[in-house]
Every structure is written in structure tokens, then in C-alpha cells.
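Participant: Got a structure here, written out as C-alpha cells. Questions coming.
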Amino acid sequence: MPLLKRASLLFFIGIAFYISCAPRVSKKTFVQEGYASYYGNEFRDKRTASGEIYDPQKLTAAHPTLPFNTYVKVTNLENGRSVVVRINDRGPFKKKRIIDLSLKAAEMLDMVVKGVVRVRIEVIAWP
């Protein structure tokens, strides 16, 4: 095989290898506004829809449709505080609520006293 053909072949094999190893970056965005609530210690040690055991001190949340292990930034629209949580459960099951947060996440958003606040959720990492 002539040297130029061999070099071209190796170049294209290298490009194909590079493309196959490149990380998959999703261009899709997901932003939603609505109300957040939280679930506290009464659910401690119970199974979530993903099969994990609920730990109120972890930064997790329930969403009706986002895939498990999706990371979302939740912003309390009343005070501007934000937290990043991982979706590991399904819910909430009340009208107008878009996310149920763990107790720790609710504390970080300063929403425990109110119980329900208006939030914006933005996917920052898909599974």
C-alpha cells in the first residue's frame, strides 16, 4: 500500500476513534417553574421509586418524569437560594407541585417553615 494511502487510512481511523471516545453532551435543556414541597424524617429508611433508601440528609428529590440520576438545580424564587439535587424518586402527587425535595435540600433553600415555595428547576446533568 502506498505511503499516502496508509497515512490517510491511519488518519481516518484516528478520527473515528477520537469521535467514538468523545463525551456525549446533550444539547437538550429542561427548565420548569412551579411549586416545590419536601418530604422529611417520616420517610426515612423507606424505599424510593428508584429502589434507594430515602436519607433525609442527602440532596435528592422526586420528579414525575425526569430520569433517575438526573441532576437539577432548584432555585427558590422567593429568596434566590439554590441547591443541586439528584432525582431518585417519583412525585410529587399534588396539583401544581413539580418537585419534592429531601429535608436537607429544603433546609438549604430555607423553605422548611413554609413547606411549599415557588421554584425553578433546571437540568444541569442528564444520566
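Participant: Going residue by residue through the range 42-50, is there one that turns out to be within 12 Å of Arg118 (Cα to Cα) and touching a residue at least 40 places away in the same chain (Cβ under 8 Å)?
Facilitator: no
Participant: List every residue pair whose Cβ atoms sit under 9 Å apart, with the two residues 6 or more apart in sequence or on different chains, where the first one lies in the range 86-106 and is within 18 Å of Arg47 (Cβ to Cβ) and the second, anywhere, is part of a strand (DSSP E or B) and among the basic types (Lys, Arg).
Facilitator: Final answer for the pair search is Gly91/Arg97.
Participant: With respect to Leu59, determine if the residue is under 11 Å from Ile98 (Cβ atoms), surrounded by 16 or more Cβ atoms within 10 Å (Cβ to Cβ) and in contact with a strand residue (DSSP E or B) (Cβ under 8 Å, 6 or more places away or on another chain). Please lay out each step first, then the result.
Facilitator: Details: under 11 Å from Ile98 (Cβ atoms): no; surrounded by 16 or more Cβ atoms within 10 Å (Cβ to Cβ): yes; in contact with a strand residue (DSSP E or B) (Cβ under 8 Å, 6 or more places away or on another chain): yes.
Answer is no for this residue.
Since every read-out is calculated from the coordinates, none of them should be taken as a lab result. Since the structure is predicted, the reported quantities are computational estimates derived from the model, not experimental observations. Glycine gets a Cβ as well: all are built from the backbone with ideal geometry, and neighbour counts include every protein chain shown.
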